[in-house]
1. Along the Cα-to-Cβ line of K73, 7 Å from the Cα, sits a label point; which residues in the range 102-138 have backbone N less than 17 Å from it?
2. With r defined as the distance between the Cβ atoms of A125 and A48 and R0 fixed at 22 Å, what FRET efficiency is calculated, to the nearest 0.05?
3. At a 1.4 Å probe radius, carbon and sulfur cover how many percent of the accessible area of the range 38-138?
4. Summing Lys, Arg as +1 and Asp, Glu as -1, what charge do residues with Cβ under 9 Å from the Cβ of V114 carry, V114 excluded?
5. Could you name the lysines whose alpha carbon sits less than 17 Å from that of K65, not counting residues in the same chain fewer than 8 places away?
6. Leaving out ligands, DNA and RNA but keeping every protein chain, what accessible area does E131 have, in Å² rounded to the nearest 10, with a 1.4 Å probe?
7. Output the relative contact order of the range 85-124, whole-number percent, from Cα pairs under 8 angstrom with separation of 6+ residues.
8. Whose amide H sits under 5 Å from the amide H of G57, counting only residues 5 or more places off or on another chain, with H placed in the peptide plane?
Amino acid sequence: MTNPPARRTVLGTGAAAALLVGCSKYGDGSSEVSASPAESGAAGTELARTSDIPVGGGRIFKDRKIVVTQPTKGEFKAFSAICTHQGCTVSTVADGTIDCPCHGSKYRITDASVVKGPATAPLPAERITVEKNSIRLA
């Protein structure tokens, strides 16, 4: 008959599991850390057609964790879709801002600077290329 695990072993395992759960990103139900599109080999992948991005608005690509905006006709910008406050994924682009549902942070579609906190840092820029009617990861 085998001996049961020592109490310290059981508690240590439980503490490690609790730490792993505690590291998940708030609001997205995930504990995985994803590579950026460039790191995951997705460079050159088409995200959208230019007609898919409204002028004065944008579109969120949750699977790529990128938001693409078109502040003025023909000007396209891309930013991380991960809020700089606590790592939630932004959920909407409306009225000239990129909005986070978790705590209400808002970022400008022109440069991703903070319009309304609690976030204090802008969304990091992402690299895209626009060729003809195609928006691709750079």
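1. 133
2. Working: r = 17 Å, r/R0 = 0.78.
For A125 and A48, the calculated efficiency is 0.80.
3. Ligands and nucleic acids excluded, carbon and sulfur give 47 percent.
4. On the way: positive: K106, R108, K116; negative: none.
Its environment carries a net charge of +3.
5. Within the straight-line limit of under 17 Å, K65 reaches these lysines: K25, K77, K106.
6. Approximately 120 Å² of E131 is accessible to the 1.4 Å probe.
7. Values: 70 pairs, mean separation 11.6, N = 40.
Once divided by the residue count of the range 85-124, the mean separation gives 29 percent.
8. The answer is Q70.
The values are calculated or read from the model by the stated rules, or taken from the named source; none is laboratory data. Predicted model only: the values in this text are computed from it and were never measured. Every residue, glycine among them, receives a Cβ derived from its backbone with ideal geometry; neighbour counts consider all protein chains shown. These area figures cover heavy atoms from the full protein model, side chains too; ligands, DNA and RNA do not enter into them. Shrake-Rupley method; radii C 1.70, N 1.55, O 1.52, S 1.80 Å.
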